[in-house]
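What follows is a set of notes on a single structure, which appears directly below.
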Amino acid sequence: MIRKQAKKISFIISWLLAVLVELMVENDVTQPEANEPYYLYLLGIVGVIIIVCYLGSFFKNNISKKLDDYLQKKAPLFAGGILLINIINIVCSKLALLPVLFFPSLDRIFGALVNDRVLLGECILASAKLLLIGFLIGGITGFFTGILIGFNKVAAYWINPLTKVIGPIPPTSWSPLVLSIFSTSYQAAIFMVALSVWFPITVMTSNGISNVNQTFFEVAETVGASKRYQIFKVGIPAAMPNVFLGLFYATTGAFVTLVTAEMFGCKSGIGWYLNWQKSMMLYANVYAGLIVLAVLCNLIIKILFKVRTGLLGWQKGVIKW
Amino acid sequence: MVEKSGNIVIENVSKYFDQADGSVLTALDGVNLNIKPGSFVSLIGPSGCGKTTLLRAIAGLNCADKGNIFLDNELIKGPSYERGFAFQQANLYPWLNIEKNISFGLRARGIYKEKKEDVKEYIEMVGLKGFEKSYPHQLSGGMNQRASLARALVGHPKVLLLDEPFGALDAFTRMNMQDEILRIWKQQNMTMIMVTHDVDEAVYLSDQVVVMTPRPAKIEKIIDIELSRPRARGNHDFLNYRTKILKILNYAGTNKEPEFYL
């Protein structure tokens with residue numbers, strides 16, 4: 001019981017510590033001032049969330065119970081997160097142990113998020129569009145290539161070596177070739193993102209299909225299913241867990257490619273933003289862009305997980321994730 | 001009354017497998033067998049004697065290299081729903097619920113709508129009423145095996161081929177399933193051919209027991225089980241048949257070690 005409470009309280013203690021450090025210790029003189037104490041604002045928001053959650057967990061209803069369980073499970077993690085930010089604050093702002101040009105204060109990083117919100121919003125939309133188009137093209141072609149390889153021996157013979165040769169090459173290293181083939185750099189960027197999605201999906205789909213229990217097909221044959229029916233109702237559903245694994249690899253790969261691809265002549269997007277701010281030596285904005293990137297990537301993975309849980313609910317009892 | 005169908009004629013069937021070392025293994029060597037419509041036949045023999053190969057050839061899952069197999073005078077060229085197959089493992093599709101697993105073949109053939117009642121009937125017959133919406137991983141091995149039987153039966157095959165269908169089950173579930181299969185057999189009046197390692201099972205269920213020899217894989221002897229049904233497992237005649245088959249198996253085995261212990 002005490003242990004459980006201690007776990008819950010760790011979050012509050014870590015938060016208090018962060019607030020104390022920020023309020024009691026002056027920033028190093030070499031660290032440029034931000035126009036507003038944004039880091040303190042953020043801690044304030046966290047404080048409000050803490051108060052609401054902890055008060056909420058004291059009641060005797062269902063929501064309270066869930067909240068209480070959640071806090072007990074996650075409070076140490078949140079405490080650790082705040083502690084890490086606190087340490088960064090001490091090292092960068094309070095003591096200025098690292099070059100202040102490359103390691104700006106938290107105030108200025110969060111300030112960049114607030115001040116550049118319109119531009120960042122536009123960049124997110126532009127990147128999301130590029131990502132979506134690239135993902136759709138790469139995902140659909142990859143899925144069909146994978147099915148073709150998985151079911152057709154001739155296709156496997158000719159295409160498999162090709163994927164083995166093309167696959168390991170980072171998609172962005174095609175840029176000189178791609179930029180000269182496509183008329184706009186935007187198309188080139190789409191192509192590179194699509195390529196980075198195509199490879200993992202192709203490999204995982206074909207792999208999934210060739211690993212399907214052969215008896216599953218034999219069963220289908222003995223109850224009168226046509227070859228076509230077997231592909232769509234046995235092969236593909238059985239390969240779906242693998243396809244999703246491919247999707248997860250593809251997402252992280254697509255982000256890496258996105259950032260590089262947007263550096264070539266794109267006028268918007270997170271990658272462009274990062275590159276531009278870096279060339280202007282505005283590292284606070286670079287970090288703000290990185291935070292946006294991380295949140296975006298996690299969001300997409302989270303959505304994928306939700307879709308998978310919905311689609312592959314049957315797997316729960318079969319495979320542990 | 002329609003004329004009984006489900007007559008299987010096996011003519012001179014041979015099957016060879018290429019071995020990893022380049023030699024050729026004779027899995028079946030000129031097997032001849034005529035199985036009467038509506039009878040229950042067991043194929044028994046030491047492991048590796050080609051029983052399953054023969055069963056799979058009847059199903060059309062792997063074709064014979066020599067010889068022909070006919071179902072009601074029609075040459076078997078490939079798998080068909082006319083010859084239902086119950087595999088050693090249930091092999092239900094884990095992404096489909098029990099109802100959809102059982103009706104899979106009907107859906108594949110596009111006759112699910114007309115045969116919906118059949119699906120219900122077979123689910124009830126194998127005792128899975130109330131589990132239609134359950135997924136295979138939520139049910140026991142025995143229940144899954146029954147569902148797979150229903151899946152093989154619901155398409156009204158002329159012949160049901162059983163490849164050690166109860167091998168993976170515990171002794172009690174196994175005996176229950178044997179009674180169940182007998183009930184279905186009587187009710188549906190279809191031909192059943194079963195591969196088994198279990199002499200008791202073969203004597204308990206079959207009209208005829210086909211004893212096979214290992215390498216070269218041939219039929220050693222066909223024994224008619226002339227016991228009235230329902231049969232008692234401990235009965236004197238029953239034990240006689242059992243001993244008789246075991247003797248043949250020991251004689252038939254190339255190993256000094258007997259395959260079966262008493």
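The values are calculated or read from the model by the stated rules, or taken from the named source; none is laboratory data. Given the structure is predicted, the values throughout are model-derived calculations rather than measurements. Cβ atoms come from the backbone with ideal geometry, glycine included; neighbour counts cover every protein chain shown.
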Can you tell me how many residues within region B:83-114 are assigned to a loop (DSSP other than H, G, I, E, B) and within 25 Å of B:Gly142 (Cα to Cα)? 12
Could you please let me know if A:Ser175 is out of contact with any His (no Cβ under 8 Å at 6 or more places or on another chain), within 17 Å of A:Ala261 (Cβ to Cβ) and surrounded by fewer than 16 Cβ atoms within 10 Å (Cβ to Cβ)? no
With touching a helix residue (DSSP H, G or I) at 6+ places or on another chain (Cβ under 7 Å), in a loop (DSSP other than H, G, I, E, B) and not polar (S, T, N, Q) as the only criterion, which of B:Leu160, B:Leu169 stands out? B:Leu169
Pair list, Cβ under 8 Å, 6 or more apart: region A:221-236 residue at the interface with chain B (Cβ under 7 Å from one of its Cβ atoms), other residue polar (S, T, N, Q) and surrounded by fewer than 21 Cβ atoms within 10 Å (Cβ to Cβ): A:Glu221/A:Gln230; A:Thr222/B:Ser80; A:Gly224/B:Ser80
May I ask you to list the residues in region B:179-198 that are among the β-branched types (Val, Ile, Thr) and in a strand (DSSP E or B)? B:Thr191, B:Ile193, B:Val195, B:Thr196
Does A:Ala79 meet the test of being crowded, with 16+ Cβ neighbours inside 10 Å, outside the structural domain of A:Ile303 (by TED's automatic domain parsing) and either modelled with pLDDT under 90 or not in a helix (DSSP H, G or I) (or both)? no
Would it be correct to say that A:Trp276 is within 30 Å of A:Tyr39 (Cβ to Cβ) and in contact (Cβ under 8 Å) with a residue 40 or more places away in the chain? no
Meets criteria (surrounded by 13 or more Cβ atoms within 10 Å (Cβ to Cβ), at positive phi and not polar (S, T, N, Q)) for A:Ala34: no
Qualifying residue in region B:80-89 (condition: surrounded by fewer than 19 Cβ atoms within 10 Å (Cβ to Cβ) and away from chain A (no Cβ under 14 Å)): no
How many residues of region B:103-136 are loosely packed, with under 14 Cβ neighbours inside 10 Å and of a type in the set (Gly, Ala, Ser)? The answer is 2
Can you pull out every residue in region B:146-175 that is farther than 28 Å from B:Lys4 by Cα and more than 13 Å from the chain's Cα centre (by Cα)? B:Ala168, B:Leu169, B:Asp170, B:Ala171, B:Phe172, B:Thr173, B:Arg174, B:Met175
Of all residues in region B:94-147, which are closer than 17 Å to B:Arg183 by Cβ and of a type in the set (Ser, Thr, Tyr)? B:Tyr122
Just a yes or no: is a residue in region A:137-151 buried (at least 17 other Cβ atoms within 10 Å of the Cβ), aromatic (Phe, Trp, Tyr) and either over 16 Å from A:Val243 (Cα atoms) or in contact with a Leu (Cβ under 8 Å, 6 or more places away or on another chain) (or both)? no
